[in-house]
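One structure is given here, and the rest of the page talks about it.
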Amino acid sequence: MQGMELKPRSCWVATGEREAAEAAEKAGLELKPDADFLVVCGGEGTFASVASREDRPLLFVKKKGSVGALAQTSMPALEEDLRRIAEEGCRVAEMMRIECSGVVAFSDVYVTHRTGERSIRYRVEVEGREYTVTGSGVIFSTPQGSSGYTSSAGGPQVKIPRIVVTHICPYKLSKLGDKVVKLEERWHIAHPDSTVKFTLLHPSEASLHA
């Protein structure tokens, strides 16, 4: 790390191992496939995208002008922080991911109408309680994702490992056998070891996003 200098330069964005190898070759660098951790520079969207598919520890570097509430360091402090990690080691924090129909996400996944212009009808079971909902969609979120789309849709922000289920603009929400709509039932919190069951009543009309 001695003498390392960081300057703004053009770069290649690597989205996979092959792309990373090609970028390293163009830059005249040696790619280390057995790296202890990866450095991710950008905003929370970039970090969430990498964290959704990467199992190695990540060091999130906030880029100037981007949103980065989860960032551990910034570009001006990166050199010193990397030196400290090399000399003293670091603590790795484990964070949740969720999987829905084979899609793995670090922040959230959500289901809406495929055109975005109509409502969808679905059934969801959370902690043994079943709900039938008609609305704009539903968000399944991790704790770190709960401060984004979930919060904007009226859901809670949580700090402990939980699955947050938030209905997007529901205009019909009924617990089976109970037609009374209660505000607190527009979102639900499930234990991370539980399975949230979700069924689209008209599957061809909806699409999954992450």
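Of all residues in region 122-137, none that is free of Cβ contacts under 8 Å to residues at least 12 places away in the same chain and under 10 Å from L200 (Cα atoms) has its Cβ atom under 7 Å from the Cβ atom of a residue that is surrounded by fewer than 18 Cβ atoms within 10 Å (Cβ to Cβ) and not charged (D, E, K, R), 6 or more apart or on another chain.
If the condition is being surrounded by 13 or more Cβ atoms within 10 Å (Cβ to Cβ) and hydroxyl-bearing (S, T, Y), then region 77-128 contributes S107, Y110, T112, S119, Y122. In region 175-184, the condition of being surrounded by 19 or more Cβ atoms within 10 Å (Cβ to Cβ) and either assigned to a loop (DSSP other than H, G, I, E, B) or in the same structural domain as L59 (by TED's automatic domain parsing) (or both) is met by no residue. Exactly one residue out of S152, S147, S194, S204 is of a type in the set (S, T, Y), surrounded by fewer than 17 Cβ atoms within 10 Å (Cβ to Cβ), outside the structural domain of A48 (by TED's automatic domain parsing) and under 22 Å from A48 (Cβ atoms): that is S152. For S74, the conditions (1) crowded, with 18+ Cβ neighbours inside 10 Å; (2) closer than 15 Å to F47 by Cα all hold with the exception of (1). Can we say A93 is over 20 Å from S49 (Cβ atoms) and either small (G, A, S) or in a strand (DSSP E or B) (or both)? No.
The values are calculated or read from the model by the stated rules, or taken from the named source; none is laboratory data. The structure presented is a predicted model; accordingly, all values stated were derived computationally and were not measured. Using ideal geometry, Cβ is built from the backbone for each residue, glycine included, and neighbour counts are taken over all protein chains shown.
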